[in-house]
Amino acid sequence: MRIIAIAKRVLKELLRDKRTLALIFIAPLVILALLSYIFNVNTTTNATIGTVDVEQTLRTTLDDTSKVNVKTYGDNESAKRALADEKIDAIIRNTDGDLYVTYANTDVGKTNVTKAALQGALTKNKMTQLAKAVKTMQEKLPAGRQVIQSSMSSPTIHNSYNYGDGNSTFFDKMMPIMIGFFIFLFVFLISGMALLKERTSGTLDRLLATPVKRSDIVFAYLISYGIVAIVQTLLIVGFSVTLLHVEVAGSIWLVIVTTVLIALVALSFGIFISTFAKSEFQMIQFMPIVVIPQLFFSGLIPLNAMGTWAQWLASILPLKYGASALNTVILKGGDFNNILGNLVALVVFIVILSVGNIIGLKRYRKV
């Protein structure tokens with residue numbers, strides 16, 4: 001009977017906590033629905049290939065290949081500009097009968113599609129030439145033998161990569177996003193828990209009873225935990241580059257600046273969310289709704305393949321801008337001007353959340 005009585009008490013307390021009930025019954029459904037949408041929105045990988053001085057038959061065969069589009073350029077410089085501007089995913093250039101292929105390689109899936117399409121097109125062309133040679137041999141044996149020999153030869157393919165190498169994997173594409181996400185996750189959790197502990201222990205109430213301004217408290221927390229967040233950021237970036245061998249095509253300093261801003265956004269966000277939580281458990285409850293969607297809409301799946309509502313949702317999530325900046329620097333070698341818009345967006349989030357924190361503390365000031 002004692003066990004039943006205790007169980008009833010726990011169950012009644014649970015039923016009174018609407019936030020916990022929502023976390024148990026509704027949050028998993030929301031997350032699963034988002035997962036289903038994200039991973040079903042774009043099930044195919046298409047590649048756009050730029051060609052320079054490539055013969056018409058090979059261009060036509062490539063263009064007829066499923067999932068491949070072909071664009072023709074008059075010179076290699078214009079093709080390189082198109083590759084840098086992400087208008088194409090690879091360049092095929094014919095020089096003295098050899099094919100020189102340059103891959104952006106920021107998306108391993110598109111690199112593999114290009115390689116398979118090129119090999120398939122060369123094989124198909126070879127078979128077509130062989131069939132013509134056999135027909136010629138039937139008409140005139142000596143000439144036919146010479147044509148067969150020429151049709152059996154294939155151009156040599158020389159591969160080069162703007163990012164990574166031929167051993168690059170899908171994980172290399174994900175790594176910049178994962179760096180930003182884990183920095184955001186742990187700083188958010190630690191900062192939120194810290195302020196919550198100050199509240200539940202009564203320290204914050206005593207501090208608010210003094211003439212100290214709410215803004216002083218918020219900025220003090222941002223400075224103190226900001227130092228910790230910066231150290232954590234440097235450790236994560238250093239570990240990723242040195243031990244995980246993440247290749248940074250751009251400046252490592254831009255990576256550090258971006259990740260520090262992500263950490264400061266997460267710090268401000270964690271403090272802001274903690275003002276709505278009454279316990280550590282409730283703080284954890286916010287994570288599936290506040291933190292997990294940040295990963296889904298950070299560019300893990302191309303946002304331009306999603307619906308308008310998904311793109312709008314991504315635009316109000318700070319990690320989308322941080323991940324975009326990291327992708328630009330790490331994978332594409334972008335400079336400061338290329339990520340300036342994303343950095344400004346992160347600073348705007350820091351300002352808005354800091355103001356929200358100052359206003360949020362007002363509810364706890366009793367004097």
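The values are calculated or read from the model by the stated rules, or taken from the named source; none is laboratory data. Not measured: the values here are computed from a predicted model. All Cβ positions, glycine included, derive from the backbone under ideal geometry; neighbour counts span all protein chains shown. SASA here: full protein model, heavy atoms, side chains in, ligands and nucleic acids out. Shrake-Rupley method; radii C 1.70, N 1.55, O 1.52, S 1.80 Å.
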Here the gain from full extension of Ser251 to Gln119, 0.36 nm per residue of separation minus their alpha-carbon distance, amounts to 44.0 nm
Using a simple spin-label model with points 7 Å from Cα along the Cα→Cβ vector, what separation in nm is obtained for Leu15 and Ile359? 3.8
For the range 160-226 and the range 83-127, what is the separation of their Cα centres, given in Å? 42
With a Förster distance of 51 angstrom and the Cβ-Cβ distance between Leu340 and His158, calculated FRET efficiency to the nearest 0.05 equals 0.90
Simple spin-label estimate for Asp64 and Gln311 in nanometres, 7 Å along Cα-Cβ: 3.4
Express in nm, to one decimal, how much length is gained between Ala209 and Thr72 on full extension, taking 0.36 nm for each residue of separation and deducting their alpha carbon distance. 42.2 nm
Please give the solvent-accessible surface of Lys12 in Å², to the nearest 10, using a probe radius of 1.4 Å with every protein chain present. 120
Under a crude label model (7 Å from the Cα following the beta-carbon direction), how far is Thr95 from Val30 in nanometres? 5.5
Check the straight Cα-Cα distances from Lys362 and name the lysines below 26 Å, setting aside those fewer than 8 residues away within the same chain. Lys18, Lys197, Lys213, Lys278
Near the amide H of Val246, under 5 Å away, which other amide H atoms are found, from residues 5 or more places off or on another chain, if H is placed in the peptide plane? Val241
Quick check: Cα centre of the range 334-365 to Cα centre of the range 242-282, how many Å? 12
The range 288-299 - phi-based ³J(HN,Hα) in whole Hz, Karplus 6.51/-1.76/1.60, Gly and Pro as x: x, 8, 8, 9, 4, x, 4, 6, 4, 10, 9, x
With θ set to phi - 60°, apply the Karplus curve 6.51 cos²θ - 1.76 cosθ + 1.60 along the range 339-353 and write out the HN-Hα couplings as whole Hz, x wherever there is a Gly or Pro. 10, 4, x, 5, 5, 4, 4, 5, 5, 4, 4, 4, 5, 4, 5
Cα-only radius of gyration and Dmax that characterise the range 224-359, units Å: 15.5, 45
